[in-house]
């Protein structure tokens, strides 16, 4: 991996010398190549606000079994008071967070808010501010072909930036009961995607890189900043989006196959694990409404509220089984400390 080091330009004030005779010429000061940053200007604008996040999570927790109890990612400071935006999966079951800024300073941080529906989380730096902060842009204006920069850090706290473009803007769904109605797909992918800032040509943050998708050459999925900007103050104040009705969560993981939507596994902490599902069950209906894809499954599931009884019709061998699941609010499994 190529390490990128940002070098500050050294200002030079040239003062002419006054004489009684003809004015003397002052030789032009030329910058040495080492004094000029190789980074595009739109990357330089956000780079001071990007931080490295080393997270220690609860040993033995369900999230640690899948994601590890030591996690690393990037974040971007969006408020000079020291509030940092990153991906939520980095912060699940977190017990200690160390943030390292571009100046190498390391400070402790704490989780202040999680939005599991969008996949975003906010932490607060404990060090003294004000902190260099990024500008949040308008992700709704992002269109395919638009130029982007994906800016994060590696575990040595070296800046990692990839200049690319928007490959697509589309709906995205995943097996863990997660869907974005509008996701930004960026290419080429960054080798340090989790929590990296995706910026437009003005250096404004328009998304947070969350996943690496597909086969090589990979692309990155970015959560659009429109999912965050309108609710950021509520997320900081309440620890979650309290004004949004909590979604029902089952802990039922699915995969789309040619024959339909099939159960692949169950979360050990989800109500589906005790409801009688089996791997390979094909989901036919949710609350009496036929579904044929993950998107349709989630749309019907989320038309209810957390705590509601969700009735699923599944096909197993040649029989149809009706399974009722008491849904839960997933945020209760990951309280903000």
### Query
Can you name every residue in the stretch 219-230 that is over 17 Å from residue 143 (Cβ atoms) and either assigned to a loop (DSSP other than H, G, I, E, B) or out of contact with any strand residue (DSSP E or B) (no Cβ under 6 Å at 6 or more places or on another chain) (or both)?
227, 228, 230
### Extreme residue, modelled with the highest pLDDT, among residues of the stretch 120-135 that are within 26 Å of residue 331 (Cα to Cα) and surrounded by fewer than 23 Cβ atoms within 10 Å (Cβ to Cβ)
124
#### Entry: Hits in the stretch 252-286 - residues which are touching a strand residue (DSSP E or B) at 6+ places or on another chain (Cβ under 8 Å), under 22 Å from residue 329 (Cβ atoms) and either outside the structural domain of residue 313 (by TED's automatic domain parsing) or touching a residue at least 60 places away in the same chain (Cβ under 8 Å) (or both)
252, 253, 254, 267
### Residues within the stretch 269-286 that are touching a helix residue (DSSP H, G or I) at 6+ places or on another chain (Cβ under 6 Å) and part of a loop (DSSP other than H, G, I, E, B), tallied
1
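Restricting attention to the stretch 100-119, which residues are crowded, with 20+ Cβ neighbours inside 10 Å and within 24 Å of residue 38 (Cα to Cα)?
Once the filter is applied, which keeps residues that are crowded, with 20+ Cβ neighbours inside 10 Å and within 24 Å of residue 38 (Cα to Cα), the stretch 100-119 yields only 101.
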## Note on the structure
All conditions in (1) surrounded by fewer than 20 Cβ atoms within 10 Å (Cβ to Cβ); (2) in contact with a strand residue (DSSP E or B) (Cβ under 9 Å, 6 or more places away or on another chain); (3) assigned to a helix (DSSP H, G or I) are true of residue 235 except (1)
### All strands (runs of 3 or more DSSP E) inside the stretch 98-205 with 2 or more residues being closer than 30 Å to residue 269 by Cα and touching a residue at least 60 places away in the same chain (Cβ under 8 Å)
106-115, 120-125, 159-174, 178-187
### Count of residues meeting criterion [at negative phi, over 25 Å from the mean Cα position of the chain (by Cα) and either modelled with pLDDT under 95 or in a helix (DSSP H, G or I) (or both)] in the stretch 301-329
1
### Query
Which one of these does residue 170 not meet: (1) surrounded by fewer than 23 Cβ atoms within 10 Å (Cβ to Cβ); (2) under 19 Å from residue 48 (Cβ atoms)?
(2)
### Message
Based on this model, can you work out whether residue 216 counts as farther than 26 Å from residue 99 by Cβ, in contact (Cβ under 8 Å) with a residue 24 or more places away in the chain and in a loop (DSSP other than H, G, I, E, B)?
### Response
no
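The values are calculated or read from the model by the stated rules, or taken from the named source; none is laboratory data. Small disclaimer: the values here were computed from a predicted structure and weren't measured. No Cβ is skipped: glycine too gets one built from the backbone with ideal geometry, and neighbour counts run over all protein chains shown.
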